[in-house]
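The values are calculated or read from the model by the stated rules, or taken from the named source; none is laboratory data. Predicted model only: the values in this text are computed from it and were never measured. Cβ coordinates were reconstructed from backbone atoms using ideal geometry, including for glycine residues, and neighbour counts include every protein chain displayed.
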Amino acid sequence: MNTIFYYFSGTGNSLHVVKKLQEQISGAELIPMAQLVNKKLVKPEAKTVGFIFPIYLTAMPVFIKKIISKMDLSQADYIFAVATRIGTQHSAFYSLEKILRKKSKTLNASFTINMPSNDPKFGFRELTEDEFHKIEMAADEKINIIVQALKNKENIREKDVSFSSKVPFVKALSVLVDMTDGLGVNFYADEKCMGCGTCEKVCPSKTIIMQNGKPIWQREIKCFKCNACLNYCPQKAVQIKGFTENKGRYSHPYASADEIMNCSERIQ
């Protein structure tokens with residue numbers, strides 16, 4: 001195996017990106033990072049290793065940092081990362097570099113792609129079809145640039161000029177994200193819930209269990225805060241108390257709930 005793409009996707013943005021990359025990189029293997037949570041050691045047997053993931057607030061998701069930290073990357077000679085985001089400035093590549101330095105490795109290339117918001121909590125509105133296609137076209141153009149860089153194994157530390165929200169002290173904020181990782185989100189299912197169990201199936205952290213036909217968010221299991229349960233509920237019954245009751249939902253139109261479910265299965 002020459003190329004492995006490790007990815008995480010809660011509502012399909014990063015999944016769409018990694019599938020597009022795989023279409024153009026011959027023989028690349030896709031491995032969902034949510035499947036690796038229970039693995040004590042992950043050793044990619046590939047020369048090229050990539051990480052594709054969403055930005056949470058301004059940082060890399062904490063559980064992804066933990067998975068990469070337990071990887072043996074000794075066989076990799078080219079490491080890259082692609083972050084998907086709404087538009088907020090982020091420090092994910094700075095955090096990834098710190099992890100790689102401890103392994104005597106370098107982040108050879110890094111790219112950021114702007115995608116639609118999947119977080120209905122703050123200032124969220126559903127995109128029109130034209131707005132979505134404009135974002136999609138820009139993302140596809142960026143993916144083509146990434147593909148060429150990967151094929152040539154170019155060393156590119158892309159300067160971020162496409163952010164829509166500048167964040168002061170953005171590197172320091174990643175520490176705050178780490179510190180608040182254990183705080184729960186007040187999810188619940190309202191009266192529209194039909195007990196279909198989709199939320200349980202798409203949940204990558206396995207926080208949700210069905211009891212008496214209703215979802216229960218287990219507080220003793222850390223939620224990944226990916227909003228898959230929220231956005232893939234066919235009845236829009238999953239809510240975050242006080243934030244989403246009158247908001248729309250978003251999941252990438254080319255990423256089905258079944259695909260997200262498959263990404264969430266665990267390797268023992």
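So how many residues does the range 48-63 have that are at pLDDT 95 or above and in contact with a helix residue (DSSP H, G or I) (Cβ under 9 Å, 6 or more places away or on another chain)?
Of the range 48-63, the ones at pLDDT 95 or above are 48-54.
Narrowing further to those that are in contact with a helix residue (DSSP H, G or I) (Cβ under 9 Å, 6 or more places away or on another chain): 48, 50-54.
So the answer is 6.
Restricting the search to the range 254-268, which residues are over 11 Å from Lys201 (Cβ atoms) and in a loop (DSSP other than H, G, I, E, B)?
Tyr254, Ala255, Ser256, Arg266, Ile267, Gln268
Filter the range 3-17 for residues that are buried (at least 24 other Cβ atoms within 10 Å of the Cβ) and of a type in the set (A, V, I, L, M, F, W, C); which is farthest from Lys151 (Cα to Cα)?
If we take residues in the range 3-17 being buried (at least 24 other Cβ atoms within 10 Å of the Cβ) and of a type in the set (A, V, I, L, M, F, W, C), then Phe8 is farthest from Lys151 (Cα to Cα).
Within the range 226-268, count every residue that is of a type outside the set (S, T, N, Q), touching a residue at least 12 places away in the same chain (Cβ under 8 Å) and over 17 Å from Met115 (Cβ atoms).
Of the residues in the range 226-268, the ones of a type outside the set (S, T, N, Q) are 226, 228-230, 232-234, 236-238, 240-243, 245, 247-250, 252-255, 257-261, 263, 265-267.
Subset that is touching a residue at least 12 places away in the same chain (Cβ under 8 Å): 226, 228-230, 232-234, 236-238, 240-243, 245, 247-250, 252-255, 257, 259-261, 263, 265-267.
In the following step, the residues that additionally are over 17 Å from Met115 (Cβ atoms) were identified as 229, 233-234, 236-238, 240-243, 245, 247, 257, 261, 265-267.
Residues meeting the conditions: 17.
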